[in-house]
1. When F133 is evaluated against the numbered criteria (1) away from the ligand (no atom under 16 Å from the Cβ); (2) of a type outside the set (S, T, N, Q); (3) surrounded by fewer than 18 Cβ atoms within 10 Å (Cβ to Cβ); (4) touching a residue at least 12 places away in the same chain (Cβ under 8 Å), which criterion, by number, is the only one it fails?
2. So, in the range 171-202, exactly how many residues are crowded, with 19+ Cβ neighbours inside 10 Å, touching a helix residue (DSSP H, G or I) at 6+ places or on another chain (Cβ under 9 Å) and within 16 Å of I147 (Cα to Cα)?
3. Here are L235, L216, L210: which of them is within 18 Å of the chain's Cα centre (by Cα), away from the ligand (no atom under 16 Å from the Cβ) and among the aliphatic types (A, V, I, L, M)?
4. Scan the range 83-101 and tell me whether some residue there is closer than 17 Å to D176 by Cβ, over 14 Å from the mean Cα position of the chain (by Cα) and surrounded by 22 or more Cβ atoms within 10 Å (Cβ to Cβ).
5. Could you say whether any residue in the range 331-344 is in contact with an Asp or Glu (Cβ under 9 Å, 6 or more places away or on another chain) and crowded, with 21+ Cβ neighbours inside 10 Å?
6. Do we find a residue being assigned to a strand (DSSP E or B), on the phi < 0 side of the Ramachandran plot and among the polar types (S, T, N, Q) anywhere in the range 179-201?
7. Away from the ligand (no atom under 13 Å from the Cβ), crowded, with 22+ Cβ neighbours inside 10 Å and either more than 24 Å from G146 (Cβ to Cβ) or among the hydroxyl-bearing types (S, T, Y) (or both): which single residue out of Y286, Y261 fits that description?
Amino acid sequence: MRDWIYELTLKPLFFKLNPESAHNLSFKLLSIANSLPGLFKGIDNITSYKSTRLQTKVAGIHFSNPLGMAAGFDKTGELYPFLGQLGFGHVEVGTITGESQPGNPKPRIFRLEKEEVLINRMGFNNPGAENAFNTISRQKKTIIRGINAGKTKLVSPENAIDDYVKTFKILTPLADYGVINISSPNTPGLRGFQEKESFISLVNGIKKGLGGNFPLPMFVKLAPDLEISALEELLDIILDIKLDGVILTNTTINPSVLPNYSTLETGGISGRVLREKSTHFIRIAYKKLQKRIPIIGVGGIYDGESALEKIRAGANLIQIYTAYIYKGPFLPYKILEYLDNKMISEGIAGIDELVGSEN
Ligand SMILES: Cc1cc2nc3c(=O)[nH]c(=O)nc-3n(C[C@H](O)[C@H](O)[C@H](O)COP(=O)(O)O)c2cc1C
């Protein structure tokens, strides 16, 4: 029943528009809804699934449920309050960069509707750390808020540390956790920070710039295009360097996930075709990390079963983006209801027991 509301009303409207206009329209609708909380009072009764079994503590933070909105949906921080009412346990705001920037020229986001895939080369369009602070600091804090930081395009790799530090210094007071994003494919050179030496100097530099210790739990978000040996090497470094968690994964630029296409737009591919690759990365990380730090699983989750797969593979928290566009605002409810029913039928008391349970 809930699905029909989206399928018959907003989805046809959104999908007639080009993806970026659809995103802007949904953004406007959500912003209006946000500014009229009285009108939407009670909406969370139909969008938010609540159960004590879903609660979890990750990196010392209490989450009311394991499902979050992945980075890139709320690039300005404006949607956070409303996303809290739509059933998410956390929102990862950003990517925010030190300076404001317009991102790449349009068109820069594309749909492959049959495959329920998006391809984007947005390029971190965002208001910059100071403007984001002004927006976010006016909001009431509800659910968990992560701040995902990236590098300003015009800042050279040599000066990247200062750019990340600027963002974290400004936004840390408003965040429960931070993310060092080095995996978006649309900022030239960014993924270069996944190379061992660059990674170590970037993370150590950020830590030093923030006073010698991370002032909040700090995660790093990696790409699914790494070689497995490079992933394993990075995971060892992540433990050594005392990061607090790893987000697996960002979008892929490997066209082999869409073998039936002879030409593809340039950009990061997300959605169902990413599911297996991302779960594979989580499985490897779970074995390597041995529960020492948590894993946040993202990539191709589109229903309860694909969410459960990520958790069973080892993800403590999960996130969605692309499926939210295709399936609409009742998806969090459906995913969480599925997970809860699974726990009930298996006699499991809490979501943590499911984490890594395939092993
Ligand atoms: C249009 C779009 C913009 C995105 N922007 C960001 C971003 O700014 N920062 C980031 O870390 N990830 C970004 N992502 C990646 C998502 O957070 C997520 O890792 C990826 O889409 C895989 O999840 P999904 O298959 O559920 O979409 C973006 C994804 C999409 C589709």
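1. (3)
2. 8
3. Numbers: L235 fails: within 18 Å of the chain's Cα centre (by Cα); L210 fails: within 18 Å of the chain's Cα centre (by Cα).
Going through L235, L216, L210 in turn, just one is within 18 Å of the chain's Cα centre (by Cα), away from the ligand (no atom under 16 Å from the Cβ) and among the aliphatic types (A, V, I, L, M): L216.
4. yes
5. Within the range 331-344, one or more residues are in contact with an Asp or Glu (Cβ under 9 Å, 6 or more places away or on another chain) and crowded, with 21+ Cβ neighbours inside 10 Å.
6. Within the range 179-201, one or more residues are assigned to a strand (DSSP E or B), on the phi < 0 side of the Ramachandran plot and among the polar types (S, T, N, Q).
7. Y286
Yes/no per residue for (1) within 13 Å of the ligand (Cβ to nearest atom); (2) in contact with a Gly (Cβ under 8 Å, 6 or more places away or on another chain); (3) of a type in the set (D, E, K, R):
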position	(1), (2), (3)
F124	yes, yes, no
R138	no, no, yes
T142	no, yes, no
P157	no, yes, no
D163	no, yes, yes
I180	yes, no, no
S183	yes, no, no
N186	yes, yes, no
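Every read-out reported here was derived from the displayed coordinates using simple, explicitly stated rules and does not represent laboratory data. The structure presented is a predicted model; accordingly, all values stated were derived computationally and were not measured. Neighbour counts run over all protein chains shown; Cβ positions are idealised from the backbone, glycine included.
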